[in-house]
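Here's the structure we're looking at; comments come further down.
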Amino acid sequence: MSDITQAHKTLVARALDGDGRASPAQRRAAFDNAGLAEPLRTLIDKVVKHAYTVTDEDIASAKAAGLGEDHIFELAVCAAIGQATRQYDIALAALEAATERSGHAPRNPR
Amino acid sequence: MRLAILDSGHRVPMKGKFAVIRTVSRLPVPDAVKTNRYRPDFYGTPMGVLTQEAMRGPSAWSVGDRELMGASVSQINKCEVCTKTHAGVAALAYQDEAKVSAALVDLETAPIQEPLRATMRMLRKLTRDHAVNADDMRAVLAAGVSREQIEDALAVCFTFNVVDRMSRTFGWVVPSAKAFEAGSRFLFTRGYH
């Protein structure tokens, strides 16, 4: 089987702690989609829940609030990885719960 | 794209590579490539490593199966660029465009194996609702899918749940039919390194 465990750790570490403009706290907030002020709150919430609803105006609002493009890029990446990670973890937990009762071999701890 | 840095903010050596791509292919550089190659240490390189493992690493799923899963997840995320590109890769891998089209039009009636259908049903629910439960997983297991196969499918789903968000947030341009065909063929032959 494939194994993205290490690649995922690296991806998350680079996004949250790699060189960049946004502070570690703000990157974590985008990753968690929690604790951001407007207009970032709206933009990041859209990235997380329905990225297809992001508009030119959402990006323009973030820029008008003084954020540079690198800053926006970093926070959007963090938000996307954060939501995809939550969904991945929820699914793995559901698989764990399903196999505990059904007699399938338990999953090796990561 | 909505961020000018992703269009033209790359370092000079990368701009040179883009010029070569444009000259050789006679097509624009895809926005996915531009995004992945902007500050690649931050996002593109680690994401490429993960994507290669999920899409081309060892798995009981074929390349065609995994590409079809990716296209299907992208359909839920309303990402036309990713849906069409990876449907194209799946069609090349399967050598069967009709099967891919049918699976994206109606998963329930498409001429695909039940384990793949059950898995894709679960991935689409996970992507649409942002959650699945143990009963959803039991249904996939009951269709004859191993837990290892489910984990492999979830890695594919993770990949597209990141990339689709990049596409729709940054406003990747939907390219021409010729560019879609070239992109799919490139990914089929070269992968995601």
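Considering only the range B:108-121, state which residues are more than 23 Å from residue B:84 (Cβ to Cβ) and either free of Cβ contacts under 8 Å to residues at least 12 places away in the same chain or out of contact with any helix residue (DSSP H, G or I) (no Cβ under 6 Å at 6 or more places or on another chain) (or both).
Of all residues in the range B:108-121, those more than 23 Å from residue B:84 (Cβ to Cβ) come to B:113-115, B:118.
Selection gives B:113, B:114, B:115.
Residues checked against (1) under 30 Å from residue A:46 (Cα atoms); (2) surrounded by fewer than 23 Cβ atoms within 10 Å (Cβ to Cβ); (3) free of Cβ contacts under 8 Å to residues at least 12 places away in the same chain:
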{"residue": "B:106", "(1), (2), (3)": "yes, yes, yes"}
{"residue": "B:123", "(1), (2), (3)": "yes, no, no"}
{"residue": "B:127", "(1), (2), (3)": "yes, yes, no"}
{"residue": "B:138", "(1), (2), (3)": "no, yes, yes"}
{"residue": "B:149", "(1), (2), (3)": "no, yes, no"}
{"residue": "B:157", "(1), (2), (3)": "yes, no, no"}
{"residue": "B:192", "(1), (2), (3)": "yes, yes, no"}
By residue number, the members of the range B:50-64 that are outside any loop (DSSP other than H, G, I, E, B) and either over 18 Å from residue A:14 (Cα atoms) or within 8 Å of another protein chain (Cβ to nearest Cβ) (or both) are B:50, B:53, B:54, B:55, B:56, B:63, B:64
Being surrounded by fewer than 23 Cβ atoms within 10 Å (Cβ to Cβ) and either among the acidic types (Asp, Glu) or assigned to a helix (DSSP H, G or I) (or both) is the requirement here; does residue B:70 meet it?
no
With the condition kept exactly as written, say whether any residue in the range B:16-30 is within 21 Å of the chain's Cα centre (by Cα), surrounded by 15 or more Cβ atoms within 10 Å (Cβ to Cβ), at the interface with chain A (Cβ under 10 Å from one of its Cβ atoms) and without any contact (Cβ under 8 Å) to a residue 40 or more places away in the chain.
no
Hey, any hits in the range B:120-140 for a residue that's outside any helix (DSSP H, G or I), under 28 Å from residue A:100 (Cβ atoms), away from every other protein chain (no Cβ under 12 Å) and modelled with pLDDT of 95 or more?
no
Here is a list of conditions, (1) closer than 23 Å to residue B:78 by Cβ; (2) aromatic (Phe, Trp, Tyr); (3) more than 10 Å from chain A (Cβ to nearest Cβ), and residue B:186 meets all of them except one; can you say which number that is?
(1)
Yes/no for residue A:91 being at the interface with another protein chain (Cβ under 7 Å from one of its Cβ atoms) and buried (at least 19 other Cβ atoms within 10 Å of the Cβ):
yes
Restricting to the range B:136-193, name every residue that is among the basic types (Lys, Arg) and out of contact with any helix residue (DSSP H, G or I) (no Cβ under 6 Å at 6 or more places or on another chain).
B:178, B:185, B:190
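The values are calculated or read from the model by the stated rules, or taken from the named source; none is laboratory data. As the structure is a prediction and not an experimental result, all values here were calculated from the model. For neighbour counting, all protein chains shown are included, and Cβ atoms are generated from backbone atoms with ideal geometry for every residue, glycine included.
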